[in-house]
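**Student:** I have a structure here, written as C-alpha cells, and I will follow up with some questions on it.
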Amino acid sequence: MRSKGWGGRLAVLMVFCLAAVACGKDDTGGGGGTGAASGSIVVGTTDSLQNSFDPAEAYDLFASTIDFNTAETLVTYAPNASEPTPLLAAALPTVSADGTVYTFDLRPGVKFHDGTPMDSAAVKFSLERARDFGNKDAEAAGFLLTSIKSIATPSPTKVEITLDKPNVTFLSRLAFTVASIVSPTAYKTNVLSGTEDGPGVLAKYKTDTIVGTGPYKLVSYKEKESLTLEANPDYWGAAPKTAKVLIRLFDKSSALKLALQNKEVDVAYRALQPDDLAFFRTQSGFKVVEGQGPGIRYLTFNVTKPPFDNLNLRKAVAAAVDREAVTTEVLKGTGVPLQSMVPPTFASSHEPKWSELYGAKPDKAKVDQFLTAAGVPEGEKVPLDFWFSPTHYGDTEAAVAQVVARSLEDTGRFTVTISNVEWAEYGNKRRAGEMPLFLMGWYPDYLDVDDYLEPFADPSVFDPAKWEDPAMLDLVHAQQKELDPAARTTIVKQAQSYMADQAPYVPIFQISQFAATVDGVSGVVLDPIQLLRFFLIEKS
Amino acid sequence: MSSSGGGSLRAYVLARLLLAVPMLFILLTVTFVLLRVAPGDPVTATLGGRVSEQRADQIRHDLGLDRPLWRQYTSYLADVGRGDFGRAITTNRPLRTTIADRFPATLELTLAAMVVAIGVGVLVGALAARFRDTFLDVGGRLLGIVLYAAPIFWLGIMLQLLFSIQLHWLPTGGRIAPFHEPRSITHLYLVDAVLTGDWAALGSALRYLTLPAVTLGMVIGGIFIRLVRVNMLQTLKSDYVEAARARGIGERRVLFNHAFRNALVPVVTIVGLQFALLLSGAVLTEATFTWPGIGLSLYQFLQNRDYTAVQGLVTFYALFVVGVSLVIDVVSAWVDPRIRFQ
C-alpha cells in the first residue's frame, strides 16, 4: 500500500510536470518563435554594460544604445543621414557669426518618464552636468562637451549655448548620447557637488537607470543577463513599433548563434562571427541585414623609435599591405578595404591620394623603391616585429594579423615575427612605445571627420603612433574652426593627403555592420551612428 | 539512553563546528593568497589600457590594494565575517548583490541536477545489479563510465545540438522565456511559479531548466550508477536477502522492500559529498547554457580578469560548501548514530 501510494504520487507529479512543460511550450515556442507576447521582440547581443547608463558617463556602444532609445538629444541623426536633424529642438539652431553661440528653440509639451516637463532648465541642467563629469573624470563621456562655456535660458523654450571657441563639430557632439536631456528631478542627487575631483567620480555616481524623454523606458536591468524596455505611453512622437523589447546578453557569439538558430532571439546584433553570418545567409527562416559602419582598422607604426622613425620604411610597408586579402579571406565580406583614415562614409573622405602614393593593391615595385630610399640594400629582407591583441577586436584578429603578415612577406622584402598579448598589456605596451608595428581599431565618438583626424594627430587626445607634427596639427585645428563647409572640406582633404604622405598609420579596412534576424522582423537600421534603433523594429 | 545519545550528538556537532573553524581559516587564507600570487595586480589585469594610471591608482586605493598585505588580509577576514565579499572592479557593484541576484538560479539548477543524478543513478544502477552480467548491466556500467568521463561542456553542447537545434524541443539557454518571470518570492522560479499559480511560468521554467539540469545531473549520475550497482549487488548477496527468498517472497518484493532500501543508505551519504562537485560543475553548465547563476558570474568575472570579484565569489562558494558539508555531517549523525561513535 505504501509503495503504491508513493508510486501514485510520483505519477501524478510527473504528469503535472509534463503538462506544465507542454503548456510552457505553447507559450514560449522554443522551436517556432521567441515565445514573447504579442508586441515584443528579443534582441541578443554579446555587448555588455561597461560602466553606467547615465548619459553623462556612458562611453560604450551598449550603454549608448540603451540611452539612444530611452533618452533624447536636442539634435539627432535620422536613419542613414549624415547631418543632424532636430529632435528635442524644434529646429536646427541659429549659430552666431563667430561660431560660438548656438541658440535652440525647444519642442513644447515634452515630458520625462517621471512626468516632469522637459524645458530649457532641464537642458541646461543636463548639459552642464555632463560637462562637469567630463571636466572631473576623463573616463566620463562628458569630456565631449567640455567646450561648453555657459548656457543661458532666456525662456522655458529657448536655450543659448556658448562655446569657449568655435568648433564645427559641436552639433555632431550634441547628437551623441552624452548630450541626452535627462530629468533634473530624477538626477538631482546625481550632480557633482563641486568638492569631488579626479578619478573615482565616475564610479561614485554610477547608475543603472535612465530617466529621459525617449520612446522607451528602461524597466529592468539584470547585470550581464538582460534588460527590458517598455514603450513610453506618454511619448511625444510616433509610438515605437513594438511595445516591449528584451535585450539578452550573451558571453559568446557561439551561444548567440545557437539562440538565433533556435529562434529564441529575433535579432542578433554585435557580434556574430563572419562564418555565422555566412551561415544565416543560406538558411531559410533567417535574413542578414547589412549596413555601413564607421569603425576602421589600421596598422600603427611607432614613429618615435627605429625602425619606423624612417619614413620610407613606413611607406614600404604601406605599399605592401594586401587589404583585399584581409576582407575576402578573413572577414568574408564583413569589411571593406580602406585607403584613408577618414572612411568613405564621409563626403570629404580622400582615398585617391593613398592609391596614388602606394597603389590600390600591393605593389612590389613601390616597395623596392621605398626600401631603397630607406637605405635598405637591394634584395635584403627587413625584419619586422608585428603585434596584435587576440580577443579585443573579436575572434578573427589572429587571422587578420596573419594575412597582413603574409602580404608583407609575399613581397620578398620583409620577414615578419608576429606576437600577441592580451588587451590590458597591449595598452601598456602601446603607451610605453614597445611595439614597433601593431594592429589597432577606431570607433568614432561623434559622427564627424574631425574624429578621424585629431585623435590620430594629437598625442594628448589619442595618437597611438605618437606622431607629433605641427603641420598636421595646424590643419586639424583649421578645419575645426572653419565655418564654411566647402572650405572645410578642402582642409580636411589636405589633412588626409598629408597624413598619407607621412604614413604614421596604414588604413586596412572599414568595418561593416551586420545583424541577423528571423524572418518577419523589419526595421533593423544599421547606419554609421552604430546605435540600433529599437523603436523602429517590429515583428510581423 | 536518549539522554546519552543526545549528549553524544551534541558533542559530535560541537566537534564538527570546531573542526570547521580551521577548515574555514585555511580556505580563506588559500583564496586570499591565490589572488596575491597571480601575476600582475588585479586592477591592471582588469582595466589596464582602458583607464588612466591615475584612475587605476584610485581604484587600488578604494579596494585597499595599496595597503600592507597583513592589513589586507585582516580586512578580508573581517569583511567575510560581516558577510561582505567585496566589490567587483568591472561592475563596481558589491558582490553581495551579485550573489543575492544569482545564487537562487544556481541553487535551483543544483537541486534539479541532484534529482536527475539520483534518478538516473538509482534506476540504471539498480537495473544493472538486478540483471548482472547481461546486456543491461554492461550497458549500465558503460553509461556510468562515459557519463562520469564526459566533459560537462561537451555533453551540454551535444544536448543543445540535438534537443534545441535539431529537434527544436528545448531552448538553448537562459532561465525562462522572455517576459514570463513569475512574481518573485523566493527567487526560485519553479517555487515562485507554483506559489503564485503561474502555470505558464512553471512550464517555461521547466523547459529552460531541463537541459542544464540533465547535463549537470548526468555527470554526477555516472557516479551514482556505479555506486548503486555495487551496493545493490552486495545487498543481494547478503544473508537476509537469501533468507527472504528462501521464505518464498517474490523477487520483486525482495528487490524493492529488502535489498533496494538498504542499498541506498551509502548513496544518501554520497549525495551530500557530491554537492560540492555539483557546484563546481554548475560553473561550466551555466556558462554552456547561459544560465544566469553565480557560476556564470564567476565565469564572466574570470573572462574579464576581475580577480577581486573572483576572490569574493570563490570565498562565498567555499563558505557555502563548508556549511553544506557541516549540515550533511550533522544530519547523517542524527540519522545514523553509528557515525557519531566512530
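The values are calculated or read from the model by the stated rules, or taken from the named source; none is laboratory data. Note that the coordinates shown come from a computational prediction; the quantities given were computed from them, not determined experimentally. We place every Cβ from the backbone using ideal geometry, glycine too, and count neighbours over all the protein chains shown.
**Student:** Only residues in region B:92-109 that are away from chain A (no Cβ under 13 Å) count as the first member; pair them with residues that are crowded, with 24+ Cβ neighbours inside 10 Å and of a type in the set (Lys, Arg), Cβ under 7 angstrom, at least 6 apart or cross-chain, and list the lot.
**Tutor:** Short answer, once both residue conditions are applied: none.
**Student:** Say we look at region B:218-228 and pick out the residues that are out of contact with any Leu (no Cβ under 9 Å at 6 or more places or on another chain) and either closer than 17 Å to B:Ala282 by Cα or not aromatic (Phe, Trp, Tyr) (or both); which of these is nearest to the other protein chains (Cβ to nearest Cβ)?
**Tutor:** The initial filter retains those residues of region B:218-228 that are out of contact with any Leu (no Cβ under 9 Å at 6 or more places or on another chain), namely B:224, B:226-227.
Still in the list and also either closer than 17 Å to B:Ala282 by Cα or not aromatic (Phe, Trp, Tyr) (or both): B:226-227.
Values: B:Arg226: 24, B:Leu227: 22 Å.
Within region B:218-228, the match that is nearest to the other protein chains (Cβ to nearest Cβ) is B:Leu227.
**Student:** When you scan region B:181-189, do you find a residue that is of a type in the set (A, V, I, L, M, F, W, C) and either farther than 30 Å from A:Gly285 by Cα or within 20 Å of the chain's Cα centre (by Cα) (or both), even just one? Before you say what the answer is, go through the steps one by one.
**Tutor:** Kept after step one, since they are of a type in the set (A, V, I, L, M, F, W, C), are these residues of region B:181-189: B:185, B:188.
Cutting the leftovers down to either farther than 30 Å from A:Gly285 by Cα or within 20 Å of the chain's Cα centre (by Cα) (or both) gives us B:185, B:188.
Checked against the condition, which is being of a type in the set (A, V, I, L, M, F, W, C) and either farther than 30 Å from A:Gly285 by Cα or within 20 Å of the chain's Cα centre (by Cα) (or both), region B:181-189 yields at least one hit.
**Student:** If we only count strands (runs of 3 or more DSSP E) wholly inside region A:71-188, which ones have 3 or more residues that are more than 14 Å from every other protein chain (Cβ to nearest Cβ) and out of contact with any Phe, Trp or Tyr (no Cβ under 8 Å at 6 or more places or on another chain)? Explain how you work it out, then say what you get.
**Tutor:** Working: elements: A:101-105, A:148-155, A:158-163.
It comes to A:101-105, A:148-155.
**Student:** Okay, moving on. Considering only region A:412-508, give the helices (runs of 4 or more DSSP H) lying wholly within it that have at least 1 residues that are at pLDDT 95 or above and within 14 Å of chain B (Cβ to nearest Cβ). Can you show your working first?
**Tutor:** Working: elements: A:423-432, A:470-481, A:485-502.
Answer list for region A:412-508: none.
**Student:** Further question on the same structure: Residues A:Leu447, A:Leu408, A:Leu439, A:Leu473: which one is out of contact with any Phe, Trp or Tyr (no Cβ under 6 Å at 6 or more places or on another chain) and either crowded, with 21+ Cβ neighbours inside 10 Å or within 17 Å of A:Lys315 (Cα to Cα) (or both)?
**Tutor:** Within the list A:Leu447, A:Leu408, A:Leu439, A:Leu473, the selection yields A:Leu447.
**Student:** For region B:277-293, check the following and say yes or no: at least one residue is in contact (Cβ under 8 Å) with a residue 40 or more places away in the chain and surrounded by fewer than 17 Cβ atoms within 10 Å (Cβ to Cβ).
**Tutor:** Scanning region B:277-293 turns up at least one residue that is in contact (Cβ under 8 Å) with a residue 40 or more places away in the chain and surrounded by fewer than 17 Cβ atoms within 10 Å (Cβ to Cβ).
**Student:** Please state which of the following conditions B:Val116 fails to meet, knowing it meets all the rest: (1) more than 13 Å from chain A (Cβ to nearest Cβ); (2) within 23 Å of the chain's Cα centre (by Cα).
**Tutor:** Of everything listed in (1) more than 13 Å from chain A (Cβ to nearest Cβ); (2) within 23 Å of the chain's Cα centre (by Cα), B:Val116 misses just condition (1).
**Student:** How many of the residues making up region A:216-242 are in a loop (DSSP other than H, G, I, E, B) and under 14 Å from A:Val43 (Cβ atoms)? Write out each step before concluding.
**Tutor:** We begin by selecting, within region A:216-242, every residue in a loop (DSSP other than H, G, I, E, B); these are A:223-225, A:232-242.
Adding the requirement that they be under 14 Å from A:Val43 (Cβ atoms) leaves A:225, A:240-242.
Final tally of qualifying residues: 4.
**Student:** Still on this structure, please answer the following. Just one of the numbered conditions (1) within 14 Å of chain A (Cβ to nearest Cβ); (2) surrounded by 20 or more Cβ atoms within 10 Å (Cβ to Cβ); (3) in contact (Cβ under 8 Å) with a residue 24 or more places away in the chain; (4) not polar (S, T, N, Q) is not true of B:Pro182; which one?
**Tutor:** Every condition holds for B:Pro182 apart from (3).
**Student:** Sticking with this structure for a sec: Out of the residues in region B:300-327 meeting the condition of being within 10 Å of chain A (Cβ to nearest Cβ) and crowded, with 21+ Cβ neighbours inside 10 Å, tell me which one is farthest from B:Ile176 (Cα to Cα).
**Tutor:** As a first pass, look at region B:300-327 and keep what is within 10 Å of chain A (Cβ to nearest Cβ): B:300-301, B:303-305.
After this cut, where a residue has to be crowded, with 21+ Cβ neighbours inside 10 Å as well, the list is B:300-301, B:305.
Values: B:Gln300: 20, B:Phe301: 23, B:Arg305: 28 Å.
By that ranking, first place goes to B:Arg305.
**Student:** Of all residues in region A:208-220, which are surrounded by fewer than 19 Cβ atoms within 10 Å (Cβ to Cβ) and in contact (Cβ under 8 Å) with a residue 12 or more places away in the chain?
**Tutor:** Residues of region A:208-220 surrounded by fewer than 19 Cβ atoms within 10 Å (Cβ to Cβ): A:208-209, A:219-220.
Across region A:208-220, the qualifying residues are A:Asp208, A:Thr209.
**Student:** Restricted to region A:243-254, and to residues that are among the small types (Gly, Ala, Ser) and not in a loop (DSSP other than H, G, I, E, B), which residue is farthest from the other protein chains (Cβ to nearest Cβ)?
**Tutor:** Start the filter on region A:243-254 by keeping residues that are among the small types (Gly, Ala, Ser), which leaves A:243, A:253-254.
In the following step, the residues that additionally are not in a loop (DSSP other than H, G, I, E, B) were identified as A:253-254.
Numbers: A:Ser253: 12, A:Ser254: 9 Å.
Step by step, filter region A:243-254, then rank; the result is A:Ser253.
**Student:** Oh, and also: So, in region B:188-217, of the ones that are crowded, with 17+ Cβ neighbours inside 10 Å and part of a loop (DSSP other than H, G, I, E, B), which residue ends up farthest from the other protein chains (Cβ to nearest Cβ)?
**Tutor:** B:Leu188
**Student:** Find the residue count for region A:86-116, including only residues that are hydrophobic (A, V, I, L, M, F, W, C) and over 26 Å from A:Thr185 (Cβ atoms).
**Tutor:** First pass over region A:86-116, keeping only residues hydrophobic (A, V, I, L, M, F, W, C): A:87-92, A:95, A:97, A:101, A:104, A:106, A:110, A:112.
Subset that is over 26 Å from A:Thr185 (Cβ atoms): A:91-92, A:95, A:97, A:101.
The qualifying residues number 5.
**Student:** Please name all residue pairs, on different chains or six or more residues apart, with Cβ atoms under 8 Å, provided the first residue is in region B:245-261 and is assigned to a helix (DSSP H, G or I) and the second residue is loosely packed, with under 12 Cβ neighbours inside 10 Å and of a type in the set (Gly, Ala, Ser).
**Tutor:** Correct list of pairs: B:Phe256/A:Ser3; B:Asn257/A:Ser3.
**Student:** Determine, yes or no, whether A:Lys257 is within 12 Å of another protein chain (Cβ to nearest Cβ), without any contact (Cβ under 8 Å) to a residue 24 or more places away in the chain, within 26 Å of B:His180 (Cβ to Cβ) and out of contact with any Lys or Arg (no Cβ under 6 Å at 6 or more places or on another chain). Can you show your working first?
**Tutor:** Working: within 12 Å of another protein chain (Cβ to nearest Cβ): yes; without any contact (Cβ under 8 Å) to a residue 24 or more places away in the chain: yes; within 26 Å of B:His180 (Cβ to Cβ): yes; out of contact with any Lys or Arg (no Cβ under 6 Å at 6 or more places or on another chain): yes.
So A:Lys257 passes the test.
**Student:** Of the residues that make up region B:281-291, is at least one more than 14 Å from every other protein chain (Cβ to nearest Cβ) and out of contact with any Pro (no Cβ under 7 Å at 6 or more places or on another chain)? Full working, then the answer.
**Tutor:** The initial filter retains those residues of region B:281-291 that are more than 14 Å from every other protein chain (Cβ to nearest Cβ), namely B:281-282.
Within this subset, residues satisfying the condition of being out of contact with any Pro (no Cβ under 7 Å at 6 or more places or on another chain) are B:281-282.
Yes; the residues of region B:281-291 include at least one that is more than 14 Å from every other protein chain (Cβ to nearest Cβ) and out of contact with any Pro (no Cβ under 7 Å at 6 or more places or on another chain).
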